[in-house]
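Report on the structure given below.
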Amino acid sequence: MELSALIKKIGHSLVEIRVRALKSVLSKLDHSLISIHDVVQEKMLFVYLLEWFNFPEVPMSNEVLDLLLTLSKHPSSAQMLRDVGAVDFLTQLSPNVKPRQRAVIDGTLDQLFMLPDLLPSQTDVYSHGPQNAALTGEISGVTFTNESVRCLKFSVFPWLTLTNTDRHILSSNESSLGSNNPNLVRTTCELLCDVIMQDFPAEIFLQRPNIAKKLLSLLKLSTGTGEGVAKYLHLAALSCLRQLCVELRKRLRFHQDPSFYSAKQDQFSQNSSFSCPQEVLGAQRSQSSSPGVEYSPRPSVVGRTGQRARGDGQDGDVASNSGSSQRLGAADRALTPADVATADLPDLGVENILELQFQQLTLAQFSVATVEHAIPILKTGLHVFQRALELLSDALLLLCESVSELVWDDHSLVGTELREKLRACLELLGDILCSHQSHSADISHIHQRMTYIGTAVFTLKLLQSVLPPEKASEHLPESTALAIFHLCLDSSLGSLLPSMQETAAAYLEQVNPDNHDLYRRVTRAALWMESTCNFIKEIQGEKNWLELLELADQSIDGLPFHQHLPVIQHCLNMCSYLWKFDQPSPLLQTESQKLLLKLLSHPLLPVRMETYKCTLRLVKDCLGIHNVSRQTQEVCAGVHFLLHRKLLYEIITFGLQDASEKVNVPAKDILLFLLQGRLMMTPSTWDRFTQALDPVMAVLQVNIALLHRVHNNPNNNQKCNMSIPVEYNLPFQAATHHAVSPHCSVLPPSSDLQTLGPARQALQVAWNTAWFCGTEKLLDTALCYLKLSEAQVCSLKAVHLPTALQDCVQAIVRAAAHRSVAAVLSRLGLYLLIYRMVLPHTPTYIQAPNVLLMLSCSLSPLPPPPLALCRFLQVRPACVEDEKLLVGIVAFLNAYFKHFYTELETDEEDGDLRWILELLLNQTSTQGLGEQEEQKNHISQRLQRELTGFFNTLLTCVTRTTDRMCLALGGPFKSQLAVRLLQSLRVSDAPRFYGLPSLERTLRGMVVLTAQPGWSSHCSDLEPSSLCSKYLSGLLEVISSFYVEWGENSLSFMGKGVTKNAIICLLHLSHEMMTNVISQWSLGNEAAAEETNTSHLGLAWLVPLWVDRDPEVRFASLGLGAALSSISSGCQALCASCQNISGGLWGTLLNILLDQQESSLVRTEAAFILQNLVVMPMPANAEEAKNSHWQHPCVHDEVSGVSLVGLPALQALLYHCHYFQHMLLSASSCYRSWYGFHFQPGADVGTGPSQSETDTSDSVTSQDSCQDKPLAIGPVVIATPHLLTAHCGLLSNLLAVLPDFTLTAIRHNHCVEQMKQIYSQLNLMSLRPSKASQRKKEEGYLKDARMTMEILRSALYCNDECKVAATDAHLTLALYALWPWLLLHDPTMEAALELLCVYTAHCTTACSALCGSGPAVVSGSKSSSTSSLMQSVMKLTSGFTVDYTPIHNLAFCLLTNLVQSRDCRGLLQKNNFLQAFLSVPMPKAAAVKAQSVGGGGGSLSAWLKLLLSVSLSEDGQQSILKVTGALELLVDLAPHRRHALLTLHNLCFNTANKSHLIANGTLWNIRVCVCVEFIPLTQGYERVKAGTCTPHQCV
């Protein structure tokens, strides 16, 4: 039987047929007659399996659930289950089945919440067909099993559905990108950048990747199509892809923002936060019956019926032909959003969403593909190279966000594909770098060197991002390893980016240890060379001998490499000097002797020759015949450094016998001078010589005899005819000498470093750089002297920024054409790009933003250069070439300020920013940013784009600077820019007349500008109010044209960028200008005026934006509503604008606020509007409603016929929508982190019926009986602290206007019950073995408890009735049960203590409940003496004598409140608690005086406040007096501590205490300074009233 027929029977109405068919399918699966692969595409099987539980009889339920669990583990079938609604169905089914079945359902839901494995195409990542969903696949003949994907940090974005219009726009642009007309391709790329990517969310281009594929394919164009054309299209595609990367990063940040996180699925039917009645819905639907009908159940603007603009995505796009021939007649242009406004577009039919989702690109796939396609472009010219490198740097950021290091160990199909492509990218980069290296000798142009450095930096950043060094040996291609080796030896890279070269060395060590060893030797040799130069320089200045000896030693080690023999003379002079003194430093003598021995025994003959030559010269100078008349200690002391047995032994044994005459002859002369120099030496010097010679005399004699025999027998080739015919065994060990000098060092191999080109060049640069004390002086020296090649000098010039900038200045000065200046700008831009790529590492020479200062001679308006850049900034371009050059200048300035002023820390004085602001403010032109007519020249469009971006960057810089002058200039700059932007906001009667790219750019600039406070306050010819009014009028016209005229409930993304930016500007504007004139915010409409005799729509244009498809639009529009509703006229206008909407304004806002799947930021703004509405003067009953101008809210119960207005209506609304339960639900799902939100797309969240669809017939009079019903809502996703703050504000206002109702509801907010449930969960978890996941769950439960406590604290504040309700609910017992966990979590403990402080303030019943004797004690519980919450609080106060924490402070505040109760005071006394007061650390007298002013003192202050509260009662006074020493301590503190003085004051008013106090002599020692306070001792007795010590309340 065919499988589909068998599956169809599973849904048969007869139970026998259903069961038989199900058994047949299960049997075939069990016996492998069919496989999971055969059924995954049978959609109806999934439907029938779910509907199995809808029949009256449900046999084999276990088998059905098990089959669903099995199917959910397959990616394709899991997606199918999600599509048919299995999540919702199983969520609602779960509570109605047995526990075992519920566990199976939970397992199925867990599988459905997981991301599916996105199986890549087996041939190419861009396969157009559906991707293989099988569990196994083959790539290159190797079989891979379907392992879980572990390498993706981020996979795919939530799916976005497109309207017919949107699909037409994308399809048209896709076709245009494949055109043979290069101009059409270019204009399409510009349209994508300027308009389409501003309107459409960036993830759409991954979900429907054809446009991205076309852009990537443009990068593969070869020069065979024409070098100019290829470059032309490369640049267009690179810019477009870079824009896409930037927008994808923004969207990624958006989805990772917990404030914007929403569990809503982006579907047309789920676009609204509330339902509309069918009559309203019908008015919004098209009459088309095509399957592609698209509509939105959202509110419509007041006064609008079925008439609306076509092409908004809500119909089959059946429109008149007006304008279609004009807009779509040309085949050689892309379809723009303006084109489709009035166009006839054919219906594209229903999309196969499942197939599209399997064809979409993951973020990782797109990032790797972009890198893969852009790398070959690095071989092209400098300008295209720069654009390609910019794209690669942005794509790399996406790659880091999406791919983890586990990609090298991930054997899933996704991981395998990514790994192979990354390897290919690395190999290609290695080939490019090696190609550069092989032609390095021919590199004479700095631009070529810059391309090498840029490619190298990107390669290293890519390695750092995806490949750990320890895995490099296994995965790094050979060519890349070789390129890294050359990078390690590249001196210019090392001088510019030492940290990057260290990174290269770390990878080289893993992939090629031999080459890494060679690199280390080069590095060590370069260090020795640097030490040599430093030694030569420092030996001539102030001398640190130990440091000089160390440098000299390293210099000697470097002799094989630099062979700078004059350093030997400096070493010998230093050694001679250090041995001249009568009492020299033993350490210096020892180290200098080692140095000299190292030179005398050096393996290199030239070194020994120079050493003996210089030593002989020194000896001659000291002992020569010319010194016969100057026989002084000072003269002959110069040879003291030789007068040591080790030195004489070395010279005698090895110097005399050296094979070279240039060594043995000087050695012989040295000895002769010493032996014959008695007359030239002082007696002490001769004695020192004889003492040193004595141990080596025998060796000297043998060598003399030997030399004598050799001298007499010159033909014996150095052999002596001396023999001993008889061997003797001597009873002693004869002295011998070494065959090789013991001081001879082993030289590191150096020949390979001299022959290997890169190593030799590295050492050449290292020596010359050190010799000239840096690169700058080196580059100023003649080439012939340095022996550096032109390529080496070029490399140094390319990376030495001061020299490079000076070259740029000279190039600009000498430039004879625009092309030369443009080349300089490209070079400067490349510098900035490289520096941005290496962040957070800071390159050398870049310590502060100084680039413009170094270019000041060419940028400033001063002569001499006639073509200086400043001239192009002051004069409007006169031709296309001028505009091209200005584009380059502005692009460079934008990149510069963006890098140095937004990514790096700046100095207090910002000279560059001051310069550009002054330059811009001195412009005299009054024209706007663009021409009065639409720009048609693409160069002009590029110029406008760059200018807008530059001005936005400057606005950001002004907000970050601390330079006072810049801040002063920033105000006028903002206002002048505001005027220019207003002039550029060219709005006409119809949307088709808009210049969309210009309008998009202008609005983006306005968003940045209006976000700056005071932007309208510095305009010379316009008052701030006037400028704001003009802005308001222009922005409202934009909203009118793009939202109202085009269809305000459009689901299309067309024009969404304009709408979003315009509404954000309006939100900013509401904070800049006074909103008390609501009429200014009203939108006029001529058509409505003719039909309804109304001249204005009021604020009706605003309400549909509240439920727009874009969460940012919803947030901004609701925020604007909150600003406008801050005054009563705004509230009235909003209510009037919602008259035609079901539920009105109040119902709309409550549905938004209580929609648990809506983003927190949107719900927060809805709460703010409700806060403003609640405080409006509402009538309390029907009588007041008759005379009230404010008739809101108003509800009508269709069942009972009851209509309510004002407060009764508000009460009914709150009850009907379960507001208080929703608020508690939000509190229990609070997400406290601000950043690092791990967004998990693709996890569908099952929800129950929405509140607008349930309980609609309940009478408003049945509240009491229904209040405790469970709330049928789905799981909460995210609620931020801001949302909970807004809830608390609304709750406070409700308490003010509906105190009884709100208190009753809170008595019913389940806050205490929530804490009891949390305790049950924690207690249950404590019985299980401890795991990391369990600890995370505990943290979550404690956070929930904290939020519940904070809400309850707000409800209890100054509200006795709520406190009684809390007492009845046994609040203290709930907290006492949680106490063990609170002790381990300080934030929750603080929340609990704050709650108790508010609970016990002015409430003795609450106080008694804490000590266990009040009504909150459950019958049968133990006495408070053994276990009470108060005793636990008392324990908190101990152990804090050193560190006074917030918990310590709150515990004392709580005890201060508790002692109002006699029971609590008794418990304190019973536990002898006050005795601990004596052990509190007392500050010194000076500290006491200082702290008495500020009220400091930590625990002492807390104790004194507690004692003051205790002293308010007689029994409390007795407790204080019973503490031995407490009275004396209070007396000591009284002069400086007011609380101590007041405590004594209260003690003095009790007659029983008077004799005790008078008997204490210490009391009278302070009677003079505080006599006023002790008047009651001799007069009447009146205690300090309780008002002196106000009970503490923490709010």
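Observations, loosely collected:
- Condition met for Val1584 (of a type in the set (A, V, I, L, M, F, W, C), modelled with pLDDT of 85 or more and not in a helix (DSSP H, G or I)): no
- All of Ala236, Ala212, Ala230 fail the test of being assigned to a helix (DSSP H, G or I), crowded, with 20+ Cβ neighbours inside 10 Å and touching a Leu at 6+ places or on another chain (Cβ under 6 Å), apart from Ala230.
- Just so you know, in the range 654-671 the residues that are open to solvent by 40 Å² or more (accessible area, probe 1.4 Å) and among the aliphatic types (A, V, I, L, M) include one that is farthest from Pro742 (Cα to Cα), and it is Val665.
- Considering residues of the range 1526-1551 that are farther than 18 Å from Val1480 by Cα and more than 58 Å from the chain's Cα centre (by Cα) only, the residue surrounded by the most Cβ atoms within 10 Å (Cβ to Cβ): Asn1546
- Residues located in the range 562-607, provided they are over 59 Å from the mean Cα position of the chain (by Cα), open to solvent by 40 Å² or more (accessible area, probe 1.4 Å) and over 14 Å from Leu548 (Cβ atoms): Lys580, Phe581, Asp582, Gln583, Leu605, Pro606
- Residue match in the range 1173-1189 (condition: assigned to a helix (DSSP H, G or I), open to solvent by less than 30 Å² (accessible area, probe 1.4 Å) and at pLDDT 85 or above): yes
- Flag for Ile34 being at negative phi, out of contact with any His (no Cβ under 6 Å at 6 or more places or on another chain) and not in a helix (DSSP H, G or I): yes
- Enumerated helices (runs of 4 or more DSSP H) restricted to the range 299-403, each holding at least 1 residues that are modelled with pLDDT of 55 or more: 353-359, 363-374, 382-402
- Scan of the range 461-485 for residues that are over 24 Å from Thr523 (Cα atoms) and over 29 Å from the mean Cα position of the chain (by Cα), ordered by number: Glu474, His475, Pro477
- In the range 537-559, the condition of being in a loop (DSSP other than H, G, I, E, B), touching a Cys at 6+ places or on another chain (Cβ under 9 Å) and more than 24 Å from Val639 (Cβ to Cβ) is met by no residue.
- Members of the range 786-837 found to be over 27 Å from Pro498 (Cα atoms), open to solvent by 20 Å² or more (accessible area, probe 1.4 Å) and in a helix (DSSP H, G or I), listed by number: Gln810, Ala811, Val813, Arg814, His818, Arg819, Ser820, Ala822, Ala823
- Residue match in the range 569-580 (condition: part of a helix (DSSP H, G or I) and either in contact with a strand residue (DSSP E or B) (Cβ under 9 Å, 6 or more places away or on another chain) or under 30 Å from Ser495 (Cα atoms) (or both)): yes
- Filter result (open to solvent by 30 Å² or more (accessible area, probe 1.4 Å), outside any loop (DSSP other than H, G, I, E, B) and either touching an Asp or Glu at 6+ places or on another chain (Cβ under 6 Å) or at pLDDT below 85 (or both)) within the range 1466-1509: Ser1479, Ala1485, Ala1486, Ala1487, Lys1489, Ala1490, Gln1491, Ser1492, Val1493, Gly1494
- Being among the hydroxyl-bearing types (Ser, Thr, Tyr), surrounded by 18 or more Cβ atoms within 10 Å (Cβ to Cβ) and in a helix (DSSP H, G or I) holds for only one residue in Ser492, Ser465, and it is Ser492.
- Residue among Val746, Val740 that is at pLDDT 80 or above, over 23 Å from Gly454 (Cα atoms), under 60 Å from the mean Cα position of the chain (by Cα) and surrounded by fewer than 14 Cβ atoms within 10 Å (Cβ to Cβ): Val746
So that you can scan it fast, the table gives a plain yes or no per residue for (1) modelled with pLDDT of 85 or more; (2) open to solvent by less than 20 Å² (accessible area, probe 1.4 Å); (3) among the aromatic types (Phe, Trp, Tyr); (4) under 27 Å from Gln357 (Cα atoms):
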| site | (1), (2), (3), (4) |
| --- | --- |
| His12 | yes, no, no, no |
| Arg20 | yes, no, no, no |
| Lys23 | yes, no, no, no |
| His37 | no, no, no, yes |
| Met44 | yes, no, no, yes |
| Trp52 | yes, yes, yes, no |
| Ser61 | yes, no, no, no |
| Leu67 | yes, yes, no, yes |
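- Being of a type in the set (Ser, Thr, Tyr), open to solvent by 50 Å² or more (accessible area, probe 1.4 Å), modelled with pLDDT under 90 and part of a loop (DSSP other than H, G, I, E, B) is a property that Thr1094 has.
- Residue satisfying all of: in the range 1416-1439; closer than 26 Å to Gln1517 by Cβ and not aliphatic (A, V, I, L, M); modelled with the lowest pLDDT among these: Ser1424
Residues are listed down the side, and each one gets a yes or a no for (1) among the acidic types (Asp, Glu); (2) within 26 Å of Phe1220 (Cα to Cα); (3) open to solvent by less than 10 Å² (accessible area, probe 1.4 Å):
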{"residue": "Pro1111", "(1), (2), (3)": "no, yes, no"}
{"residue": "Ser1125", "(1), (2), (3)": "no, yes, yes"}
{"residue": "Ser1129", "(1), (2), (3)": "no, no, no"}
{"residue": "Leu1153", "(1), (2), (3)": "no, yes, yes"}
{"residue": "Glu1158", "(1), (2), (3)": "yes, yes, yes"}
{"residue": "Leu1161", "(1), (2), (3)": "no, yes, no"}
{"residue": "Ala1167", "(1), (2), (3)": "no, yes, yes"}
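- Every residue from the range 149-175 that is part of a loop (DSSP other than H, G, I, E, B), under 17 Å from Leu354 (Cβ atoms) and not hydroxyl-bearing (Ser, Thr, Tyr): Val156, Phe157, Pro158, Trp159, Leu162
- Some residue of the range 407-425 being assigned to a helix (DSSP H, G or I), within 26 Å of Gln761 (Cα to Cα) and open to solvent by 10 Å² or more (accessible area, probe 1.4 Å): no
Residues are listed down the side, and each one gets a yes or a no for (1) farther than 26 Å from Val195 by Cα; (2) among the aromatic types (Phe, Trp, Tyr); (3) at pLDDT 85 or above:
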| position | (1), (2), (3) |
| --- | --- |
| Gln874 | yes, no, no |
| Val880 | no, no, no |
| Glu883 | no, no, no |
| Gly888 | no, no, yes |
| Gly911 | yes, no, no |
| Leu954 | no, no, yes |
| Arg964 | yes, no, yes |
| Lys974 | no, no, yes |
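- Condition met for Asn703 (open to solvent by less than 50 Å² (accessible area, probe 1.4 Å) and modelled with pLDDT under 80): yes
The values are calculated or read from the model by the stated rules, or taken from the named source; none is laboratory data. Here the structure is a predicted model, which means the values were calculated and not measured. Positions of Cβ are backbone-derived with ideal geometry, glycine not excepted, and every protein chain shown enters the neighbour counts. Calculation scope for accessible area: heavy atoms of the full protein, side chains included, ligands and nucleic acids excluded. Shrake-Rupley method; radii C 1.70, N 1.55, O 1.52, S 1.80 Å.
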